[in-house]
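**Student:** I have a structure I would like to understand better, so I am pasting it below and will then ask my questions one at a time.
The values are calculated or read from the model by the stated rules, or taken from the named source; none is laboratory data. Not measured: the values here are computed from a predicted model. Because the Cβ atoms are built from the backbone with ideal geometry, glycine has one as well, and the counts that use them run over all protein chains shown.
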Amino acid sequence: MPDVRVRFAPSPTGFLHIGGARTALFNLLYARHTGGTFVLRIEDTDETRHVEEAVQVILDGLRWLGLDWDEGPEKGGAHGPYFQSQRKDIYRRYVRRLIESGTAYEFEDKEKGGTVVKFRMTREPITVPDLICGNVTRPLNDTEMADPDFVIVRRDGVPVFHLVNVVDDIEMKITHVIRGEDHLSNTPKHIALYRAFGVEPPKFAHIPLILNSDGSKMSKSDKGAALHEYMNAGYVPEAVRNFLSLLGWSPKGDVELLNLAETVERFDLAQVQRHNARFDHDKLHWMQGQYMLKMAPDRFNETARSFLAKTGLTAGQPDDYVLRVLGLVKEKVKLFTELPEWTTYFFRDDFTADREVIVKTFGSAPQSWELLEKLHSRYAGLSEWTHPALDTALRALAQESGVKAAALIHPCRVAVSGKAGGPSLFHLLEVLGRERVLSRLASARERLKLND
């Protein structure tokens, strides 16, 4: 068996679709599993659809996911992708071969004007041997039976997808074409072109489509269809990559959380499922939470600080204070975009509290205001501002006042953070510091009633 060579060949038409990212991932996994080569090729021959910025979006998305390709023209000391727009002479040479052999011919398009080149397609149905779908034969329709020939070079001289796709796969010695099932209908034409060039077609593996959670096909306009949505929303690439690997592929042993090395070891096309895969946003969010919990503190802190810096929340804040805050909220944050929700009150005194939280905390317990005033006095007299000392002082006050500790804990939390929940209160108070806590307790009645 020759060395495995696979490719991902996106068109730069806007953004990297989540289905395209999954296709790239499956190609990389199979290449790594078999010790083969993963080629990246940008299919940009159609200049009317080409979006220059979209090329960078594709490259950034693949790199963010950790999908490094192995081969391409040297550029700046690294492998760049192949660009079809730079390979036009190759396509012209192959077209001449087809014309000279009689399997292609020039055709004057009297309806639209100009001359195109058409491929002389076989009049018999072609069976596609597919590693996932099995043998697929698509019957010819009436139009195809009358004239199945198809255009391979347009009136403007630009070769079409069917031709360049096959020519590049021949030139790049691609052994396995792993792509979405929506391309299956094109494959008989591609097989015919391979045969016209006297080349054995590669093995085909058409992976199932990705559906929305309601079972509809995921289109470009659907929420969550673009990879950059997850990049911007604060997802970590390992979680997205792990989730995508399970869209249509099932590892043995019913394991879900797999790092890249483990996925490579287990991945095989034989485990790719035939039925379409539904995109479960809840499952992705769960996976994200699992990866956030396992994330090394240094990496979490670096990423979180970078994100908070963009919001302006941490401007002028001491670095050691920011790190202490992040240490408190790490287990609460599931997405980096949630950081402001969990940390704003650490950095700003003008935080807001929901009316519902205020009413629930103080509405049925008006004595809470007096208890907070007593707690302010008790905390002001502390000689040591540590979470054990803060805990002991509050519980002692609760016992003296004849109430449960919760009667002080909940009002205190709302007074200093505006939240009904969060990190351990006493660790939170320790990190906030004496000055902030005492100031907020002293002004709680006025501030919270203004928000009521």
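**Student:** Within the bounds of segment 314-326, is there any residue that is among the β-branched types (V, I, T) and under 25 Å from A407 (Cβ atoms)? Can you show your working first?
**Tutor:** First, pick out the residues of segment 314-326 that are among the β-branched types (V, I, T): 314, 322, 325.
Going one step further and asking which of them are under 25 Å from A407 (Cβ atoms), we end up with none.
Within segment 314-326 (the criterion being among the β-branched types (V, I, T) and under 25 Å from A407 (Cβ atoms)), the answer is no, since none of the residues qualifies.
**Student:** Here's something else I'd like to know. Pairs, please: C-beta under 6 Å, at least 6 apart or cross-chain, first residue assigned by TED's automatic domain parsing to the domain that holds A205 and closer than 10 Å to A205 by Cα and in segment 125-139, second among the charged types (D, E, K, R) and outside any strand (DSSP E or B)?
**Tutor:** none
To keep it simple, each residue is scored yes or no on (1) within 20 Å of T344 (Cβ to Cβ); (2) among the small types (G, A, S); (3) within 39 Å of the chain's Cα centre (by Cα).
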residue: A380; (1), (2), (3): no, yes, no
residue: W385; (1), (2), (3): no, no, no
residue: A389; (1), (2), (3): no, yes, no
residue: L394; (1), (2), (3): no, no, no
residue: A398; (1), (2), (3): no, yes, no
residue: V403; (1), (2), (3): no, no, no
residue: A420; (1), (2), (3): yes, yes, yes
residue: L432; (1), (2), (3): yes, no, yes
residue: R440; (1), (2), (3): yes, no, no
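**Student:** For the structure I just gave you, tell me whether R155 is modelled with pLDDT under 95 and surrounded by fewer than 19 Cβ atoms within 10 Å (Cβ to Cβ). Working first, answer last.
**Tutor:** Details: modelled with pLDDT under 95: yes; surrounded by fewer than 19 Cβ atoms within 10 Å (Cβ to Cβ): yes.
The answer is yes for R155.
**Student:** Any residue in segment 111-123 that's of a type in the set (A, V, I, L, M): show its pairings with residues that are in a loop (DSSP other than H, G, I, E, B) at Cβ separation under 9 Å, as long as the two are six or more apart or on different chains.
**Tutor:** Hits for this filter: V116/D109; V116/R154; V116/R155; V117/R154; M121/D147; M121/P148; M121/D149.
**Student:** Restricted to segment 359-381, and to residues that are free of Cβ contacts under 8 Å to residues at least 40 places away in the same chain and in a loop (DSSP other than H, G, I, E, B), which residue is nearest to L425 (Cα to Cα)?
**Tutor:** Per the criteria, the residue is G381.
**Student:** Would you mind finding the one in R195, R96, R179, R120 that is closer than 21 Å to V6 by Cβ and modelled with pLDDT of 95 or more?
**Tutor:** Of the residues listed, the single one that is closer than 21 Å to V6 by Cβ and modelled with pLDDT of 95 or more is R179.
**Student:** Considering only segment 25-61, state which residues are at pLDDT 95 or above and either in contact with a Ser or Thr (Cβ under 7 Å, 6 or more places away or on another chain) or among the aromatic types (F, W, Y) (or both).
**Tutor:** Selection gives L25, F26, L29, Y30, A31, F38.
**Student:** So which residues in segment 382-393 are in a loop (DSSP other than H, G, I, E, B) and either modelled with pLDDT under 90 or not acidic (D, E) (or both), if there are any at all?
**Tutor:** L382, S383, W385, T386
**Student:** Going through segment 349-367 one residue at a time, which ones are of a type in the set (D, E), within 28 Å of R434 (Cβ to Cβ) and surrounded by fewer than 12 Cβ atoms within 10 Å (Cβ to Cβ)?
**Tutor:** Scanning segment 349-367 gives D349, D350.
**Student:** Return the residue satisfying two criteria in turn: it lies in segment 211-238 and is touching a Leu at 6+ places or on another chain (Cβ under 7 Å) and surrounded by 22 or more Cβ atoms within 10 Å (Cβ to Cβ), and of such residues it is farthest from H17 (Cα to Cα).
**Tutor:** In this case the residue turns out to be Y235.
**Student:** Among all residue pairs at least 6 apart or on different chains, which show Cβ distances below 9 Å where the first residue, located in segment 98-109, is outside the structural domain of H190 (by TED's automatic domain parsing) and the second is among the β-branched types (V, I, T)?
**Tutor:** No pair meets every condition.
**Student:** Restricting to segment 265-301, count the residues that are within 16 Å of P237 (Cα to Cα) and within 20 Å of the chain's Cα centre (by Cα).
**Tutor:** The number of residues fulfilling the criteria is 16.
**Student:** Could you please find all residues in segment 378-406 being over 16 Å from E435 (Cβ atoms) and of a type in the set (S, T, Y)?
**Tutor:** T392, S401
**Student:** If you don't mind, another one. Taking E356 and the conditions (1) over 26 Å from D282 (Cβ atoms); (2) free of Cβ contacts under 8 Å to residues at least 24 places away in the same chain, which numbered condition does it fall short on, given that it satisfies the others?
**Tutor:** Failing condition for E356: (1).
**Student:** Against the definition (hydrophobic (A, V, I, L, M, F, W, C), surrounded by fewer than 15 Cβ atoms within 10 Å (Cβ to Cβ) and touching a helix residue (DSSP H, G or I) at 6+ places or on another chain (Cβ under 7 Å)), how does L429 come out, yes or no? Outline the logic, then answer.
**Tutor:** Numbers: hydrophobic (A, V, I, L, M, F, W, C): yes; surrounded by fewer than 15 Cβ atoms within 10 Å (Cβ to Cβ): no; touching a helix residue (DSSP H, G or I) at 6+ places or on another chain (Cβ under 7 Å): yes.
So L429 does not fit the description; no.
**Student:** When you go through (1) modelled with pLDDT of 95 or more; (2) part of a helix (DSSP H, G or I); (3) more than 17 Å from A444 (Cβ to Cβ) one by one for L408, which number turns out not to apply?
**Tutor:** The single condition L408 does not satisfy is (3).
Table: residues versus (1) assigned by TED's automatic domain parsing to the domain that holds A407; (2) in contact (Cβ under 8 Å) with a residue 24 or more places away in the chain; (3) closer than 28 Å to N242 by Cα; (4) surrounded by fewer than 12 Cβ atoms within 10 Å (Cβ to Cβ).
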position	(1), (2), (3), (4)
A315	no, no, no, yes
K334	no, yes, yes, no
T337	no, yes, yes, no
E341	no, no, yes, no
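**Student:** Just for helices (runs of 4 or more DSSP H) wholly inside segment 165-270: which have at least 1 residues that are in contact with a helix residue (DSSP H, G or I) (Cβ under 9 Å, 6 or more places away or on another chain), of a type in the set (D, E, K, R) and touching a residue at least 60 places away in the same chain (Cβ under 8 Å)? Let's see the steps before the verdict.
**Tutor:** On the way: elements: 187-196, 227-232, 237-245, 260-266.
Ranges flagged: 187-196, 237-245, 260-266.
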